[in-house]
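*Asks:* I am attaching a structure below and will ask some questions about it afterwards.
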There are 2 protein chains.
Amino acid sequence: MARAALLHLLRYRTASAAAAAEPLSAFRCLMTRSNSKTPAAGIKWAGFCRPFSSKAALNDVIGNDTDSSVAVMEPQEQVDPFSLVANELSLIATRLRSMVAAEVPNLASAAEYFFKIGAEGKRFRPTVLLLMATALDVHIPELSPPGFGDTLTIDLRTRQQRIAEITEMIHVASLLHDDVLDDADTRRGVGSLNAVMGNKLAVLAGDFLLSRACLTLASLKNTEVVTLIATVVENLVTGETMQLTTASNKRFSMEYYMQKTYNKTASLMSNSCKSVALLAGHTAEIAMLAFEYGKNLGLAFQLIDDVLDFTGTSASLGKGSLSDIRHGIITAPILFAMEEYPQLRAVVDKGFDNPANVDIALEYLGKSRGIERTKELAMKHANLAAAAIDSLRQSDDEDVIKSRQALIDLTQRVITRNK
Amino acid sequence: MARAALLHLLRYRTASAAAAAEPLSAFRCLMTRSNSKTPAAGIKWAGFCRPFSSKAALNDVIGNDTDSSVAVMEPQEQVDPFSLVANELSLIATRLRSMVAAEVPNLASAAEYFFKIGAEGKRFRPTVLLLMATALDVHIPELSPPGFGDTLTIDLRTRQQRIAEITEMIHVASLLHDDVLDDADTRRGVGSLNAVMGNKLAVLAGDFLLSRACLTLASLKNTEVVTLIATVVENLVTGETMQLTTASNKRFSMEYYMQKTYNKTASLMSNSCKSVALLAGHTAEIAMLAFEYGKNLGLAFQLIDDVLDFTGTSASLGKGSLSDIRHGIITAPILFAMEEYPQLRAVVDKGFDNPANVDIALEYLGKSRGIERTKELAMKHANLAAAAIDSLRQSDDEDVIKSRQALIDLTQRVITRNK
């Protein structure tokens with residue numbers, strides 16, 4: 001692919017990311033937009049309100065000795081999650097670029113596009129995973145005190161970095177494959193990166209990334225981790241397929257929606273967090289906390305994403321891209337609204353090819369508590385994520401404490417972001 | 001997907017397999033057609049001519065103690081390769097069907113389609129792998145003498161069966177993904193299963209199979225095998241992408257063509273054969289022979305496939321489906337013809353949208369030794385495959401001898417088939 005074409009793709013992606021059809025669009029937006037501001041800029045903080053905190057429930061699992069090391073920190077001690085791991089992120093970005101350098105130029109170009117400098121965005125997933133590594137007491141090598149055991153630490157941290165790289169490759173592969181269009185979609189002019197890149201090349205580039213991810217995974221020589229990550233790929237596929245369903249009893253089921261959301265968004269984060277813990281040799285209980293953090297962070301993220309699809313940055317209904325509802329994808333706000341107004345079901349059943357029908361649905365949504373209840377559910381999951389971190393055994397190590405705080409900060413960023 | 005739609009797909013596939021656009025079409029034909037005759041029916045035997053046998057070269061690698069156990073067998077002692085492993089093949093087919101049973105009905109239907117009873121064809125790859133297992137002295141459990149060690153044998157053989165299942169899943173995934181079409185192709189009315197199934201579902205079903213293959217692979221807990229199979233997926237992608245190239249210096253290069261052919265066809269067979277050997281704990285030398293067998297069998301198969309694209313069953317030029325050349329895919333017969341008639345290059349450069357140009361190319365091919373030299377090259381690789389089996393250390397075990405003979409028979413079937 002020529003440089004000009006790549007630049008075109010880059011501009012295209014930047015301009016249309018927010019309007020993408022998939023529920024992952026904000027995740028993508030976060031991942032792909034050029035980061036010209038500091039991470040905190042433009043984000044309104046909600047503080048540490050956790051009305052649904054279920055730390056008690058998590059304590060049941062891991063016993064009583066679970067005093068939080070971060071509970072003593074003041075809320076104002078904000079830690080920028082991204083800057084804590086900035087050097088490592090840039091190392092990973094370099095490695096990702098070199099890993100997708102294939103012998104076949106146009107394949108490499110398609111895959112590399114997502115890893116280009118400037119196009120790589122925030123690297124949300126790698127950030128979480130590297131913070132998790134430190135939070136579980138595996139230090140960034142250059143910060144370790146010199147002496148016996150350094151090599152082991154470096155090796156372990158490097159292996160955990162590989163999980164971040166694998167996760168990023170799988171994420172990008174899923175973006176490429178999710179965007180594959182049927183002929184009918186193309187004719188209807190639905191916007192997609194692949195409309196420019198071509199379905200075929202997108203599929204091949206995705207497969208290429210999956211195979212590189214699998215090779216990297218094999219190099220870790222940990223079959224439990226291989227199983228976790230293979231499960232992620234299966235979940236991603238299952239989630240995408242669940243979204244294609246046209247059966248009303250499924251489309252209108254909150255349980256089905258949450259399962260789909262776990263598969264499409266939360267599985268990758270939960271299983272990769274768990275992998276980071278397992279590589280460090282942690283117990284099943286600790287690995288479970290890492291998993292719970294990733295799962296609940298992912299669910300909270302997606303719930304807010306589904307709200308933003310209706311409200312956009314303005315917090316007013318109808319100001320979002322409305323891409324979900326226009327594509328007939330029914331998300332939490334509408335599901336909650338339906339509980340209050342069962343007659344909304346008939347509106348949804350008619351489909352949304354007619355924009356007037358979208359307006360009717362928005363009207364119902366506006367007078368319901370749909371948006372509010374979705375935000376509450378997102379907060380509940382954000383709090384569960386934070387509680388998982390709180391439940392880790394206390395540490396006096398400053399880096400560990402900082403990273404745990406940063407992970408908790410992320411749970412709040414996710415639910416208070418407005419874009 | 002409704003049953004009616006699946007049946008439609010099934011009929012479609014059976015009717016159009018031979019006319020498929022990809023060089024793998026005959027492989028597919030072998031895999032997907034309903035098997036109403038005995039395997040030997042309709043196959044003309046060429047006997048055991050091996051003008052290019054390179055057994056000597058292989059001996060250099062594994063030492064001198066490599067007397068062939070099959071050399072003493074008479075050519076007329078034909079062993080039907082498929083019947084030797086029939087029971088195990090049906091076991092594998094059952095397992096494949098159960099493994100693709102997903103929670104999501106339409107995903108399962110798409111994946112299952114290839115594993116339906118009656119649609120499963122010859123199971124060429126699993127047959128080779130099971131024969132290889134026995135040829136390397138791992139017996140089918142029910143044929144083992146009772147006593148100590150049985151459980152180990154069963155376990156090992158089961159693990160080798162998993163390789164056959166994984167290989168089949170990856171093969172089908174690659175069929176699904178290779179057939180993904182760009183909008184332009186669809187408009188031109190190129191025949192493809194995915195034109196019926198839909199690109200999106202084909203991609204997801206392929207990804208689903210890849211993730212199941214990866215899960216099965218992880219369960220084997222052998223990271224060397226994980227690496228080999230991940231390499232296969234990467235090679236399949238690279239091969240397909242190489243075929244998309246439009247650069248003349250590559251399209252007209254015999255070396256590039258052979259590399260593409262290895263990636264697209266021979267890598268899966270060679271690496272899975274090697275995996276079967278590694279699981280049995282064989283030495284690197286034996287694993288290399290298994291690899292060489294799979295590689296050369298795959299190359300021979302594809303070379304003959306490329307001949308049949310021109311000749312079809314009749315052995316006359318222009319009687320094949322001509323799908324490669326019509327899609328601008330330049331294969332060995334044309335490459336050899338070009339060496340004799342450099343002016344053919346200009347013809348190819350014009351493209352084959354105009355059928356008259358296809359006729360001109362066929363004319364050059366007809367007066368060249370292109371078809372003949374391709375068959376000779378296929379025979380050379382078939383003989384290298386047979387030589388790899390001949391190079392295995394002698395065995396007195398009847399099952400081992402029979403399976404080795406069957407593997408050698410397959411090398412001849414591959415080059416003498418006329419469909």
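*Asks:* Identify, from the list B:Asp359, B:Asp390, B:Asp399, the residue that is farther than 30 Å from B:His327 by Cβ and surrounded by fewer than 18 Cβ atoms within 10 Å (Cβ to Cβ).
*Replies:* Every option except B:Asp399 fails the conditions.
*Asks:* Counting only residues that are aromatic (Phe, Trp, Tyr) and within 14 Å of the chain's Cα centre (by Cα), which one in the range A:290-347 is surrounded by the most Cβ atoms within 10 Å (Cβ to Cβ)?
*Replies:* My answer is A:Tyr293.
*Asks:* Look at the range A:216-251 and say how many of its residues are surrounded by 18 or more Cβ atoms within 10 Å (Cβ to Cβ) and farther than 23 Å from B:Thr216 by Cβ.
*Replies:* 2
*Asks:* Quick check on A:Ile389: is it under 20 Å from A:Ser270 (Cα atoms) and touching a residue at least 12 places away in the same chain (Cβ under 8 Å)?
*Replies:* Spelling it out, A:Ile389 is indeed under 20 Å from A:Ser270 (Cα atoms) and touching a residue at least 12 places away in the same chain (Cβ under 8 Å).
*Asks:* Something else: Scan the range B:348-363 for residues that are within 18 Å of B:Ser248 (Cβ to Cβ), among the charged types (D, E, K, R) and assigned to a helix (DSSP H, G or I) and report the count.
*Replies:* Qualifying residue count, the range B:348-363: 1.
*Asks:* Scanning for something touching a residue at least 40 places away in the same chain (Cβ under 8 Å), in contact with a His (Cβ under 6 Å, 6 or more places away or on another chain), more than 16 Å from A:His171 (Cα to Cα) and assigned to a helix (DSSP H, G or I), does the range A:283-296 turn up at least one residue?
*Replies:* Within the range A:283-296 (the criterion being touching a residue at least 40 places away in the same chain (Cβ under 8 Å), in contact with a His (Cβ under 6 Å, 6 or more places away or on another chain), more than 16 Å from A:His171 (Cα to Cα) and assigned to a helix (DSSP H, G or I)), the answer is yes, since at least one residue qualifies.
*Asks:* Further question: Checking the structure you have, find out if any residue of the range A:315-335 is of a type in the set (Asp, Glu), more than 17 Å from A:Ser253 (Cα to Cα) and part of a helix (DSSP H, G or I).
*Replies:* no
*Asks:* Out of A:Ser248, A:Ser219, which single residue is of a type in the set (Ser, Thr, Tyr) and within 29 Å of A:Ala101 (Cα to Cα)? Before you say what the answer is, go through the steps one by one.
*Replies:* Details: A:Ser248 fails: within 29 Å of A:Ala101 (Cα to Cα).
Result: A:Ser219 is the single residue among A:Ser248, A:Ser219 that is of a type in the set (Ser, Thr, Tyr) and within 29 Å of A:Ala101 (Cα to Cα).
*Asks:* Take the residues of the range B:236-254 that are in a helix (DSSP H, G or I) and more than 8 Å from every other protein chain (Cβ to nearest Cβ): which is nearest to the chain's Cα centre (by Cα)?
*Replies:* So the residue we want is B:Gly239.
*Asks:* Further question: Quick one: which residue in B:Lys260, B:Lys264 is farther than 19 Å from B:Ala406 by Cβ, in contact (Cβ under 8 Å) with a residue 40 or more places away in the chain and of a type in the set (Lys, Arg)?
*Replies:* Details: B:Lys260 fails: in contact (Cβ under 8 Å) with a residue 40 or more places away in the chain.
From the options B:Lys260, B:Lys264, the qualifying one is B:Lys264.
*Asks:* Next question, about the same structure. For the range B:371-378, check the following and say yes or no: at least one residue is free of Cβ contacts under 8 Å to residues at least 24 places away in the same chain, surrounded by fewer than 15 Cβ atoms within 10 Å (Cβ to Cβ) and more than 23 Å from the chain's Cα centre (by Cα).
*Replies:* No, every residue in the range B:371-378 fails to be free of Cβ contacts under 8 Å to residues at least 24 places away in the same chain, surrounded by fewer than 15 Cβ atoms within 10 Å (Cβ to Cβ) and more than 23 Å from the chain's Cα centre (by Cα).
*Asks:* Another question, if that's okay. Inside the range A:126-219, counting only helices (runs of 4 or more DSSP H) that do not spill past its ends, which hold 3 or more residues that are modelled with pLDDT of 85 or more?
*Replies:* Values: elements: A:150-178, A:183-187, A:193-197, A:199-219.
Hits in the range A:126-219: A:150-178, A:199-219.
*Asks:* Restricting attention to the range A:255-273, report how many residues are away from chain B (no Cβ under 13 Å) and either under 19 Å from A:His327 (Cβ atoms) or among the β-branched types (Val, Ile, Thr) (or both).
*Replies:* Residues flagged as away from chain B (no Cβ under 13 Å) and either under 19 Å from A:His327 (Cβ atoms) or among the β-branched types (Val, Ile, Thr) (or both) within the range A:255-273 amount to 3.
*Asks:* Sticking with this one: Need pairs with beta-carbon distance below 8 Å; first residue under 13 Å from B:Leu210 (Cα atoms) and more than 7 Å from every other protein chain (Cβ to nearest Cβ) and within the range A:207-235, second part of a helix (DSSP H, G or I) and among the aromatic types (Phe, Trp, Tyr); sequence gap 6+ or separate chains.
*Replies:* Close Cβ pairs (under 8 Å, with a partner that is part of a helix (DSSP H, G or I) and among the aromatic types (Phe, Trp, Tyr)) amount to A:Asn235/A:Tyr262.
The values are calculated or read from the model by the stated rules, or taken from the named source; none is laboratory data. Computed from a prediction, not measured in an experiment: that's the story for all the values here. Please note: Cβ atoms are built from the backbone with ideal geometry, for glycine as well, and neighbour counts cover all protein chains shown.
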